[in-house]
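Asks: Mind having a look at this structure? Questions to follow.
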Amino acid sequence: MMNFVFPNELRVTWTVMIVLYPYITGLVAGAFIVSSLYHVFGREELRPIARFSLASAFVFLLFAPLPLLMHLGHPERAFNIMITPHFTSAMAGFGYIYSAYLLVVVLELWFVLRSDFLARARGRGPVAWLCRSLVLFNLHESPATREADHRIVKFLAGLGIPMACTLHGYVGFLFGSLKANPWWSTPLMFVIFIFSAIVSGISVLIFHYFVVFWINRWKVNGACVRSLGRYLWGFMMVAVALELLEILSITYEQTDKTEVLNTLIRTKLFMSYVVLQFLVFSLVPFLMLAVHALFRVRERVAHALIWTSATMLLVQVLLMRWNVVVGGQLVSKSMRGFTSYFPGVWEKEGLLTAAIIFTMPFLILYVFHRIVPLFPDVDGRSKQP
Amino acid sequence: MRSPSEPPESGPPPDYRHAYPVFLIMGGLLVVALAVRAWLVPETFGEFGYYRGAALDEAKVRTSRYLGRQACAECHDDVAALHAKDAHGSVECETCHGPGSAHVEDAENVLPRADRQQDCLVCHRRLDARPGSFPQIDRDEHFRLVGVTNAATACVRCHSGHEPLFMNKDLRTARLHPLIHACGDCHLGRQDQTLKQPAGHPQIFQCSYCHADVSASAAKAEHHAIACTTCHLFIKENAFSGRIVRDTDPRFCLLCHGQADFRSQDGPPLITWPGHLADVSEETPDPTRACVDCHQDQIHDLFEKEVSHGL
């Protein structure tokens, strides 16, 4: 008698946690690139958001691996891959790239904020003591040290750009190199991930910047957000075009996988991929940002267009991550059919855990802002070098 | 903060001394990381291959938690005999009941009964990716078909895990039959998109190709919506053939027609057994009679060739 053993694909093993992992990693890469546009490429109009973007990159980077650890049954074993790495396991590479990138971001942030740490370190209380320890109890500051800080920041920001691209490109590689999965296995995946990361990073900065400024009733810097809006428009065009080209490539190649992937798009992913990701959350922001970039509109209208587009693009990139990570697992290894997945709210890898993980960087950023001002131009607490 | 792209302010050259401790700390962290790695890598790592060599010796002294069906049959020989002849004959006891070593050591460690819906659906839930020939159900559709009203009804209320189909013949010695292919075996849910005669396609063998008279008769009978292989159970044995059983045990018919408190009258006609024999017989009921002895015309006509096959 023959037993039935394969395929027995009852459940999707890479859950919403694995959706969140490339999403948060992407926010890091995008936010860092915005800060580098100011520090390296001298985009002066981005100065009001440069420090905030670097700090955002840092806090999102702290939380990027947390969804991965939440996904594991034995998270303490995760570090084994870095102790005894092997070429057959791509994940160790992410560990090294992540660690190196974290080092660069921490160093750059330290040199950017050193003057502010010194300003707070000269006071009294626990925050002052914390700041004194952060500057390694060296309270000396002069134009010469500030000049050194500027040069080091510029060097680290320049070094960080390829590292940011490598970090998120590597996350794309983790999916794109899995040749057993027809929905993931494409070299375009690396590039798509980099561009979608930049889109999500710029979007989260715009979203958060407006929210903070509206809450505090500060005056929004029009030149800065309009510049960010134009960058967002440019990067989202490339990202969405690449995503569409991937579909064109799959359809035109007509390989043995084409039929099942077309069915996947037409049935299981129709709502989340075709309708939401492309028709709603790509097309609408594209048109709104085009209106902002190509026509003269009043400042309030421009800000509304930019903020709404950024918020929608944040959702678009989340949908893209969902459609890639979950969509790829819905296809049976036999290429004959599909399974289904929707996360529960309360389970270990459910929606509540995802919401908590995604909220934590914002809370840390708030604490950060209480210690050193992230918007020195408007809140009046900063000592500008 | 001044943009680094701006020309430097006039003044003294940059003073990097405050940065030295930072880079020193970073360098120190790297050294510590390398030292920790050297300390954490197990001594026997790489002895035989890219793994911890001592793991082999540790694995050797471990005892198996799964003991196999022979261990179960030593005490539960009656259940083992039932189990071996029926459709679950190739499924190990511990697949449903879990590892049995603790139970063998101490009978007080009772194994789980495996009577939840999920225990059955893990294999039998309809999944397009599974071979169409494998028995699989959409629970709601299946319950509708057999008139079960409570969605929480356990599968074991009708199907015993040990004897799920009450086969009246031992499946291991049942008649050999060429492989039966139906379009749905491969094209589950997409049969309407399949070409009639696709080039290079494997030959399709449907029941009607060889048993045209029976198929034509079955198509007109009350059971016409039931697939032939529902009653003539076919279990694939190799790439060319399998075992086929005509299941005439009344308990098999009662899987659909048995009266039960969880069944409504909206489903198939329901009877009690063996009470039904007394209801329809004026003489002393014969408990050896099978349903098909009276209800053959509601299934399909019998023809000489099929009678000789015993199928």
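Bear in mind that the values in this text are calculations on the coordinates, not laboratory data. Note that this is a predicted model, so its numbers are computed, not measured. Neighbour counts run over all protein chains shown; Cβ positions are idealised from the backbone, glycine included.
Asks: Please compute the modelled spin-label separation between A:V274 and B:E222, points set 7 Å along Cα→Cβ, answer in nm with one decimal.
Replies: 4.5
Asks: Helix-derived [θ] at 222 nm for chain A: sum -39500 (n - 2.57) over DSSP H runs of at least 4, divide by residue count, nearest 500?
Replies: Values: 14 runs with 264 residues, N = 385.
Mean residue ellipticity, 222 nm, calculated: -23500 deg cm²/dmol.
Asks: Across peptide A:30-39, how many C-beta atoms of other chains are within 10 Å of each residue C-beta, on average? List each step's numbers first, then the result.
Replies: Working: counts 0, 0, 0, 0, 0, 0, 0, 0, 4, 4.
Mean shielding by partner chains, rounded to a whole number: 1.
Asks: Still on this structure: What nm value, rounded to one decimal, do you get for the distance between B:A81 and A:D377 when each label is placed 7 Å out toward the C-beta?
Replies: 9.0
Asks: Moving on. Test of understanding: extend the Cα→C-beta vector of B:L176 to 7 Å, then name every residue of the range B:220-237 with backbone N under 15 Å from that spot.
Replies: Counting backbone N atoms under 15 Å from the label point, the list is B:235-237.
Asks: Now, a different point. Round to the nearest 0.05 the FRET efficiency obtained for B:T288 and B:V110 when R0 = 30 Å and r is the Cβ-Cβ distance.
Replies: On the way: r = 37 Å, r/R0 = 1.22.
Efficiency computed from Cβ-Cβ geometry: 0.25.
Asks: Grab chain B and count how many Lys pairs have their alpha-carbon atoms under 22 Å apart, sequence gap of 8 or more, or different chains.
Replies: Working: B:K85/B:K169; B:K85/B:K236; B:K169/B:K236; B:K169/B:K305; B:K220/B:K305.
Step by step, the pairs that qualify in chain B add up to 5.
Asks: Hey, another quick one. Rounded, prolate or oblate: which fits the range A:218-340 when a ≥ b ≥ c are the square roots of the eigenvalues of the alpha-carbon gyration tensor, with rounded for a/c under 1.5 and prolate only if a/b beats b/c? Intermediate values should be presented prior to the final figure.
Replies: On the way: a/c = 3.52, a/b = 2.59, b/c = 1.36.
Prolate is the answer for the range A:218-340, as a/c is 1.5 or above and a/b outweighs b/c.
Asks: In debye to the nearest 20, how big a dipole does chain B give about its Cα centre with +1 on each Lys and Arg Cβ and -1 on each Asp and Glu Cβ? The partial results should precede the final answer.
Replies: Values: 30 positive and 42 negative charges, 221 e Å.
Dipole about the Cα centre, nearest 20: 1060 debye.
Asks: Per residue of B:13-26, count partner chain C-beta atoms within 10 Å of its C-beta, then hand back the mean as an integer. Let's see the in-between values first.
Replies: Values: counts 3, 10, 10, 7, 5, 14, 10, 2, 4, 9, 2, 1, 1, 3.
The shielding value for this peptide is 6.
Asks: Across chain A, how many lysine pairs separated by 8 or more positions, or lying on different chains, have Cα atoms within less than 22 Å?
Replies: Working: A:K154/A:K383; A:K179/A:K257; A:K179/A:K268; A:K179/A:K333; A:K219/A:K383; A:K257/A:K268; A:K257/A:K333; A:K268/A:K333.
So the count works out to 8.
Asks: Using the count of nearby Cβ atoms within 10 Å as a rough guide to exposure, how do A:S282, A:S200 rank from fewest to most?
Replies: Values: A:S282 24, A:S200 34.
Final ranking by Cβ density, sparse to dense: A:S282, A:S200.
Asks: What ranking of A:T251, A:T186, B:T173 emerges when the number of other C-beta atoms within 10 Å of each C-beta is taken as an exposure proxy, fewest first? Let's see the in-between values first.
Replies: Details: A:T251 12, A:T186 19, B:T173 9.
Fewest-to-most Cβ neighbours within 10 Å comes out as B:T173, A:T251, A:T186.
Asks: Modelled label-to-label distance, B:F134 and A:R11, 7 Å Cα→beta-carbon offset: nm?
Replies: A separation of 1.7 nm, rounded to one decimal place.
Asks: Another question, if that's okay. Under the rule a/c < 1.5 gives rounded, and otherwise a/b versus b/c splits prolate from oblate, where does the range A:17-82 land using the Cα gyration tensor?
Replies: Working: a/c = 3.76, a/b = 3.03, b/c = 1.24.
Verdict is prolate for the range A:17-82.
Asks: Label point 7 Å out from B:W39 along Cα-to-Cβ: which residues of the range A:85-121 have amide N under 17 Å?
Replies: none
Asks: Pick from A:V372, A:V301, A:V280: which is most flexible by mean-square fluctuation in a GNM of chain A where alpha carbon atoms under 10 Å apart are linked?
Replies: Among A:V372, A:V301, A:V280, the largest mean-square fluctuation in the Gaussian network model of chain A belongs to A:V301.
Asks: Please name which of B:T173, B:H276, B:I299 has its Cα lying farthest along the dipole of chain B towards the positive end, using unit charges on Cβ (Lys, Arg +1; Asp, Glu -1) and the Cα centre as origin.
Replies: B:T173
Asks: How long is the gain from A:L130 to A:V315 if the chain were fully straight, where each residue apart is worth 0.36 nm and the alpha carbon distance is subtracted?
Replies: Numbers: separation 185, 0.36 × 185 = 66.60 nm, distance 3.70 nm.
Extending this stretch completely gives an extra 62.9 nm.
Asks: Hey, another quick one. Can you compute the charge dipole magnitude of the protein assembly as shown about its Cα centre, using +1 on each Lys and Arg Cβ and -1 on each Asp and Glu Cβ, nothing else charged? Give it in debye, rounded to the nearest 20.
Replies: Dipole about the Cα centre, nearest 20: 3940 debye.
Asks: Can I ask one more? Pick out which of B:F240, B:F166, B:F48 has the largest mean-square fluctuation in a Gaussian network model of chain B, springs linking Cα atoms closer than 10 Å.
Replies: B:F48
Asks: Now a separate question. Among A:Y252, A:Y170, A:Y38, what is the fewest-to-most ranking by other Cβ atoms within 10 Å? Display every interim value, and only then the final one.
Replies: Working: A:Y252 9, A:Y170 22, A:Y38 25.
The order, fewest Cβ neighbours first, is A:Y252, A:Y170, A:Y38.
Asks: Does anything in the range A:130-170 have its amide N under 15 Å from the 7 Å Cα→Cβ label point of A:A241, and if so which residues?
Replies: Once the point is set 7 Å along Cα→Cβ of A:A241, nothing inside the range A:130-170 turns out to lie under 15 Å by backbone N.
Asks: A further question follows. For chain A, set up a GNM with springs between Cα atoms under 10 Å and report which of A:F368, A:F175, A:F235 has the largest fluctuation.
Replies: Result: A:F368 has the largest fluctuation of those listed.
Asks: Counting only other chains, and only Cβ atoms inside 10 Å, what mean value do you get across the residues of A:332-345?
Replies: On the way: counts 4, 1, 5, 1, 11, 9, 4, 4, 1, 0, 0, 0, 0, 0.
If you average over the peptide's residues, the count of other-chain Cβ atoms is 3.
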